[in-house]
Structure formats: C-alpha cells, structure tokens
Amino acid sequence: MKFPPLPANEDERLCRLTTLGVLDTGAEPVLDSFTDLASSVCGMPVALISLVDEERQWMKAAVGLPQGFQTSRTISFCGHAITSGEALFEIADAQADERFHDNPLVTGPLKVRHYAGAPLEMPTGERIGTLCVIGPQPGRLDETQRTLLVKLAASVVQVLMLREARQDLDARLRTERELRESEASFRALTNTIPQMVWSTAPDGQVSFVNERWFDFTGLTPQDAEATDWSRQVHPDDMPLAVRDWRACLASGEIFEAEYRLRHHTGTWRWVLARALPVHGEGGRLLRWLGTLTDIDDQKRAREELELANRRKDEFLAMLAHELRNPLAPLSTAAQVLRMAPGDAGRVLKAGELIARQVTHMTALVDDLLDVSRVTRGLVDIKRELLDLQQVVQESLEQTRPQLEARGHQLELSLPPAPVFVLGDPVRMLQVVSNLLNNAAKYTPEGGRIGLALAARGDKALLTVHDNGSGIDPQLLPQLFDLFTQAKRTPDRSQGGLGLGLALARSLARLHGGDITVHSEGPGSGSTFTVSLPLAQAPVMPVPSPAPEPLASSGRSLDIMVVDDNADAAEMLATWLSMQGHRAHVETGSTGALEAAQRSPAEVYILDIGLPEMDGYELARRLRASPRTRRATLVALTGYGQPLDMRQSREAGFDYHFVKPMSTARMATLLAQIAPSAAGSRAKA
C-alpha cells in the first residue's frame with residue numbers, strides 16, 4: 001500500500017480548512033443534495049464530501065455511509081486525489097492497482113473497488129478534500145458523469161465559501177440569499193445532464209422536475225398535468241410502478257423500476273426510474289431525489305438478442321429432427337441388409353432407400369453450407385447470359401416429383417420471347433427451385449401453384465403464387481430471416497430448416513435483384529416475386545461441332561482406401577470391386593504407409609480426418625516415396641470449403657471429393673485415370 005503524499009502547500013491548506021469552520025459540524029441539506037445527485041447520476045451506492053485534515057479524512061455529507069464518518073488519512077483515497085493535479089482522480093479497479101490493492105478500505109468491510117473523486121479546490125489553490133463516489137464493482141465513469149462530478153465539486157466549493165461569510169448579521173443574510181441562489185444553480189445544473197431529474201416531498205408529491213422531463217414528454221410547466229408522472233406511464237405498467245413506489249415511500253428503501261413512459265412523439269419508450277431518500281438531522285426524511293433514464297434502445301436490443309437466441313434453439317431442434325428422420329430408415333435398412341443378404345429384392349429395395357435418404361441428408365448439409373457462405377460473403381457468382389425460361393424449365397424438372405406427389409395443379413405463364421439476365425445458372429436454378437418447393441410444401445394437397453415470367457421495363461419479373469396456407473402478417477417482416485418458418489403442425493409435415501427463403505433472397509440480391517412477398521393472411525395463399533435486371537439479347541453464334549466423347553477404359557486399377565471409419569471404407573471397397581477394380585482397405589495412416597511400401601497401389605483414396613496422421617500428411621509422405629510418387633491421390637472428406645480444397649492441392653492430392661461421394665463422378669474419374677495410371681505403372 002502506498003501512503004498519500006503531502007501537498008507542497010500543506011500548511012496553507014490546513015489553515016484554509018480550519019477557517020472554513022466546517023469540520024465536525026452537522027449535516028446540511030444543501031451539501032447533502034450534491035452527494036444525493038452524484039450518487040444518482042453516477043449510479044454509485046456511496047457518494048461523499050470528504051475533507052482531509054492533518055490526520056484523518058472526515059465526511060461532511062454522505063450517501064451510503066453515516067454523516068461524520070472518518071478514516072485515517074494514511075489509507076485515504078482522497079489524500080491521493082488532492083495531490084494528483086487532476087480535475088478528476090479515478091481508480092477503475094482498486095484491487096488491480098498496486099497503490100491500493102492491500103488498502104484496508106479495499107480489503108475490509110467497505111470493499112472499495114471503483115473510486116472517482118473531484119478535488120474541492122479553493123480559489124486560492126488549496127485542495128481541502130473531494131466530492132467522490134465509490135462502488136463495490138470495477139468500472140469507469142462516462143464522459144458526461146465525469147464532467148458533472150467536476151461541476152458539482154465546483155458548486156460544493158461555492159457553498160463552502162458562502163459559509164465563511166456568516167460572521168456577522170449582514171454576512172448571514174447575504175449567505176442565505178446566496179444559498180438560495182445556489183439551490184437555483186443546483187436546479188440549473190440538473191438541466192445539463194441527459195437524464196430526467198425529479199424530486200418529491202416525503203409523501204411522494206412531485207416538487208421539482210428538470211427541463212429534460214418536458215423535452216421528453218412534450219409537456220410545459222403551465223400544463224395542469226405537468227408534474228403528474230402517473231398520467232404519463234403506460235396503463236399496463238402503472239399498477240406495478242405505483243405499488244413499488246408506495247412500498248418505497250413506506251419503507252424508505254431505494255426505489256428502482258422499469259416502465260414505459262409516453263414520449264412527445266406519441267410513442268411509448270422504456271425508462272429506468274431510480275430514487276434515493278434524502279435525510280436530514282436526526283434521520284428525518286426531507287425529500288426523495290431521483291432520475292429517469294431512457295433505456296428503450298438497450299431494452300429493444302436485448303429483446304432482439306433473446307429472440308435471436310430462441311430462433312437459434314428452434315433451429316437446432318429442427319436440425320436434430322431433420323437429421324434423425326433419414327437416420328431412422330438408414331438404420332432399418334442396415335438391419336435388413338444384415339438379416340437378408342441373399343434376398344436380392346430386399347437388398348435392392350434397401351439400397352434404393354439408402355440412396356434416397358443420403359440424397360436428402362446431402363441436400364440439408366448443402367443448404368447449411370450455402371447459407372454459411374452467403375452470409376459470410378464467400379459466394380462466387382459466375383455471371384453469364386442466361387435465359388430465365390430455361391431456368392424455369394430446369395426448376396420444374398427438379399421440383400415436379402414433389403408437385404406431383406402432392407397432387408398440385410401447375411399453372412405456367414411464359415412469354416413468347418426469351419428473358420435474358422446476367423446470372424449464375426446454378427444459383428438462379430436454386431432461387432426458383434426454392435420458391436417452388438416452398439409453395440408445394442405450404443399448399444395443401446390438390447392445390448394450385450402458378451409460375452409466371454415477364455419482362456417489364458428494365459426488370460425481369462418471376463412470380464410464384466399459390467392458394468396455400470398463406471402467411472400471418474406478424475411473420476411477414478421476418479419471413480426472409482434465417483431459420484424462420486410458419487408455425488408447424490405436430491407432425492412437422494413441412495420439414496426443412498427454414499433456410500430456403502433466406503438463401504433465395506440473398507442469392508437474388510447478389511444478382512442485383514430482390515424478392516418480395518405478399519399475402520392477405522392465413523388461408524389466403526401467398527405470392528413471391530423475384531425481380532432481376534434485364535440483359536440485352538445476345539447475337540446468336542454459329543454452333544460449333546460437339547466434342548468427341550471421352551472413351552472410357554475398362555482396365556481395372558489397384559486402389560487403396562484409407563479411412564478410420566471401417567464401415568465406410570469397406571463399403572467403398574465393395575463398390576470399387578463391383579466396378580471391376582482391385583480394392584484394399586487400411587484404417588490407419590501407419591498401416592497404409594507400410595502396405596504402400598510392400599505393394600504400391602495405382603490410386604489412393606484417403607480420408608482427411610485420420611487419427612494418427614491426417615490425410616494431408618499421409619499424402620505428402622506418399623508423394624515423397626519413390627514407390628508411390630506417381631500414384632493418383634484422391635481426397636474423400638466431409639470438408640468441402642475452398643480453403644479445404646486448396647490445402648488438398650498443396651498436400652499433393654490430384655482430386656478432392658466431398659462426402660457423400662457421387663459414385664457416378666468417381667466411376668468417370670477412375671475410367672479417365674486408368675490409361676495414365678497404366679503408363680505411370682509401366683514407368684515405375
């Protein structure tokens with residue numbers, strides 16, 4: 001602990017303090033007002049007018065401690081403040097400050113953590129003490145609070161100087177007049193802070209409000225209800241606010257409440273009300289002094305955060321449900337294959353089921369990854385001249401099974417001429433398909449779905465409308481937010497993760513367009529309209545001869561599959577064998593390296609997330625070995641981001657496949673590899 005140093009003018013300072021005649025005197029309402037206001041505005045439980053004499057610091061006025069409370073000067077924070085040379089001396093966390101961390105005021109019952117003191121400096125330069133605020137938690141005053149505390153300290157000095165003048169009758173009369181002026185100055189000072197300041201008589205009748213009250217409410221001092229706060233409180237909040245206020249009037253406890261207050265614009269805004277009881281000599285209640293702080297923006301931000309958290313929880317629940325749905329039939333299919341391996345009909349049926357469910361799970365994961373890339377600005381839009389009529393036809397091919405399964409009647413309206421835009425064909429197909437799927441999902445079986453395309457002005461307009469469940473007006477503003485869905489039925493028949501519309505609008509905006517929605521309400525259907533900038537029609541090129549198709553090779557390959565998931569590795573090896581290749585399985589990196597040295601393969605299909613040594617390192621070692629450096633390396637992994645693919649190339653992989661693997665693409669790749677692999681093997 002560091003003792004406070006002595007000021008250079010210590011003798012003059014002590015003399016000035018003595019001539020003031022304020023030490024060891026009783027409480028004075030005017031000075032108490034300053035500590036009341038400092039505590040309320042700074043939000044600190046303790047506020048003091050502390051005077052530092054030769055051996056002690058003594059409290060002339062106090063909130064949170066008894067008036068007249070004193071401590072040794074050697075442990076006083078105010079002793080440091082008066083020698084700091086600063087207009088405001090602040091310690092954000094006394095426990096973390098080497099000057100105070102072991103100070104008894106910090107370690108003892110008072111538990112001082114946050115201290116801010118404005119020195120009481122006389123006109124002749126003597127700093128006799130401070131106006132300070134103290135809190136039990138670390139913190140820091142904002143600029144408004146710091147400025148106000150300094151101004152309040154200057155006003156305290158003025159009041160103390162007035163006391164000096166009371167030496168004769170004329171001086172006493174002058175002092176009384178100036179004290180009244182000081183009270184007026186105090187009231188004027190309240191108009192410099194952003195909060196509404198108010199005070200009441202002991203019975204709760206309002207006696208003063210500052211100008212901020214009139215600015216907020218739009219009332220004037222001449223209005224009959226100018227200070228009747230109860231008429232400005234929201235009717236729903238009034239009973240609780242009145243109950244709490246009356247309870248504090250009866251108990252003398254600090255009042256704190258949140259309620260909505262009528263704003264001059266006619267809206268309701270949330271405010272935080274705080275009030276402290278002000279006591280005089282003998283503990284007699286003199287008045288209540290309080291503030292009102294506009295917290296509407298903070299409260300709404302907190303509510304939006306809570307809403308976002310609820311949506312996140314709902315999304316995670318939907319995700320768990322949507323993933324469990326395909327996992328259940330997959331598990332059953334696995335049991336069927338185990339129980340009836342020789343029953344070709346059941347094996348075929350189970351295989352078809354597995355393929356369908358894997359396709360469904362892949363679509364869910366792809367939607368999640370798409371949304372992640374779009375929201376992070378990582379989507380690369382490949383712009384080319386695109387006929388929206390072709391996009392519509394391809395979208396109908398994709399969504400027709402769902403439309404037919406639910407017996408929907410499709411009404412198609414297309415213009416006679418092409419409608420060209422600059423866009424990414426894959427992404428535009430995604431936009432239209434998502435809108436059609438959404439219409440099919442929320443339209444009861446046998447409903448009508450319409451799709452219309454038109455060119456108007458410089459815009460291409462694509463409209464999807466239905467006579468389905470419609471949209472609640474309360475849901476419309478959030479309809480395109482992530483994870484937003486209409487309320488589901490108990491069987492969750494609509495399914496999905498609530499990503500389709502958010503993804504569709506984001507992609508439309510990346511193309512310079514937008515998507516809007518209209519619905520008259522539940523049961524009235526809905527209409528989604530995509531607007532995109534039109535592009536000029538192209539000059540039709542002379543068609544060029546089609547390239548000769550690649551001749552596939554039927555030669556079998558030696559292939560090693562390395563995956564720590566033994567089931568996945570064995571199933572892939574079985575499929576490769578059925579394609580006519582010789583497949584070998586390893587479930588660890590070390591075993592794979594040893595097997596590669598004994599009998600090198602022509603193709604290595606490697607998982608990335610291997611436990612002993614990841615797939616990247618395994619690829620590098622295979623490339624470094626003379627026996628395997630000419631082999632073809634294929635990454636097969638659940639990681640499919642651009643960064644993952646770049647890391648694969650840098651590690652030496654030739655190809656990168658994302659799970660679940662497209663068997664058609666793998667078969668084509670192996671057919672292309674076979675001739676070059678044969679040449680490489682001959683050279684080896």
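Every number here is computed from the coordinates shown, using simple stated rules; none is lab data. The shown structure was predicted, so the numbers you read here are calculated from the model rather than taken from an experiment. Neighbour counts are summed over all protein chains in view; Cβ atoms, including those assigned to glycine, are modelled from backbone coordinates with ideal geometry.
Show me, bin by bin at 10 Å from 0, the whole-percent P(r) of the stretch 384-533 based on Cα pairs.
It works out to 11, 44, 36, 9, 0, in whole percents.
Can you give the FRET efficiency for Leu307 and His234, using 1/(1 + (r/R0)^6), R0 = 22 Å, r = Cβ-Cβ distance, to the nearest 0.05?
Details: r = 21 Å, r/R0 = 0.96.
Efficiency computed from Cβ-Cβ geometry: 0.55.
Taking R0 as 25 Å, what's the FRET efficiency between Gln402 and Thr574 from their Cβ-Cβ distance, rounded to 0.05?
Details: r = 32 Å, r/R0 = 1.29.
Using R0 = 25 Å, I get an efficiency of 0.20.
Could you check the spin-label model distance between Glu256 and Gln205? Points 7 Å from the Cα along Cα→Cβ, value in nm.
Once both label points are built, they end up 3.0 nm from each other.
Using helices alone, what [θ] at 222 nm do you get for the chain, with -39,500 (n - 2.57) per DSSP H run of 4 or more residues, divided over all residues and rounded to the nearest 500? Intermediate values should be presented prior to the final figure.
Details: 18 runs with 285 residues, N = 684.
Helix-only estimate at 222 nm: -14000 deg cm²/dmol.
Test of understanding: given the chain, find the longest segment containing no GluC sites (Glu not before Pro) that are in a DSSP loop and have at most 15 other Cβ atoms within 10 Å.
254-444
Can you give the relative contact order of the chain as a percent, counting alpha carbon pairs under 8 Å and 6+ residues apart?
Details: 1119 pairs, mean separation 43.6, N = 684.
Reported relative contact order: 6 percent.
Against the longest alpha carbon principal axis of the chain, how many degrees, from 0 to 90 and to the nearest 10, is the axis of helix 589-598 turned?
So the inclination is approximately 30 degrees.
Got a sec to turn the phi values of the stretch 266-273 into Karplus ³J(HN,Hα) couplings, 6.51 cos²θ - 1.76 cosθ + 1.60 with θ = phi - 60°, whole Hz, x for Gly and Pro?
x, 8, 9, 10, 6, 10, 9, 9
With a ≥ b ≥ c the root eigenvalues of the C-alpha gyration tensor of the stretch 558-683, is it rounded (a/c under 1.5), prolate (a/b larger than b/c) or oblate?
Numbers: a/c = 1.19, a/b = 1.06, b/c = 1.12.
The shape class here is rounded.
Where does each of Arg300, Arg260, Arg555 land when they are ranked from fewest to most other beta-carbon atoms within 10 angstrom?
Working: Arg300 12, Arg260 20, Arg555 15.
The fewest-first ordering by Cβ neighbours comes to Arg300, Arg555, Arg260.
Largest first and to the nearest Å, give the Cα extent of the chain along each principal axis.
120, 65, 57
Please give the helix 642-651 orientation as an angle from the longest Cα principal axis of the chain, in degrees from 0 to 90, rounded to the nearest 10.
60
Angle between the Cα long axis of helix 143-164 and the longest principal axis of the chain, 0 to 90 degrees, nearest 10?
0
Please work out the Cα center distance from the stretch 37-61 to the stretch 97-123, rounded to the nearest Å.
11
Tally Lys and Arg at +1 and Asp and Glu at -1 over the other residues with C-beta under 13 Å from the C-beta of Thr267: what net charge comes out? Can you show the working numbers first?
Details: positive: Arg260, Arg262, Arg269, Arg300; negative: Asp294, Asp296, Asp297.
Taking every other residue near Thr267 into account, the sum is +1.
Among rounded, prolate and oblate, which fits the stretch 194-294 when a ≥ b ≥ c are the square roots of the eigenvalues of its C-alpha gyration tensor, a/c under 1.5 means rounded, and a/b larger than b/c means prolate? Please report the intermediate quantities before stating the final value.
Working: a/c = 2.05, a/b = 1.51, b/c = 1.36.
It comes out prolate by the Cα gyration axes.
Fewest Cβ neighbours within 10 Å first, please rank Lys60, Lys382 accordingly. Display every interim value, and only then the final one.
Details: Lys60 26, Lys382 9.
Ascending number of Cβ neighbours within 10 Å: Lys382, Lys60.
At 7 Å along Cα-to-Cβ for each site, give me the label-to-label distance between Asp223 and Arg665 in nm.
Here the answer is 6.7 nm between the modelled labels.
Using only Cα atoms, locate the centre of the stretch 6-33 and the centre of the stretch 410-438, then give the distance between them in Å, rounded to an integer.
Using only Cα atoms, the two centres lie 83 Å from each other.
Loop only by DSSP, 16 or fewer other Cβ within 10 Å of the Cβ. Give me the trypsin sites (Lys or Arg not before Pro) in the stretch 88-118 that pass, ordered by residue number.
Working: sites: Arg99, Lys111, Arg113; in loops: Arg99, Lys111, Arg113.
The qualifying sites are Arg99, Lys111.
What net charge do the residues around Val561 carry, taking every other residue with its C-beta under 9 Å from that of Val561, with Lys and Arg at +1 and Asp and Glu at -1? Working shown, then result.
Values: positive: none; negative: Asp563, Glu570, Glu586, Asp607.
Counting the neighbours of Val561, the net charge comes to -4.
Would you please state the base-10 log of I(q)/I(0) at q = 0.11, 0.16, 0.18, 0.19 1/Å for the stretch 10-182, with intensities from the Debye formula using one equal scatterer on every alpha carbon?
Log-scaled intensity ratios, in q order: -0.43, -0.90, -1.14, -1.27.
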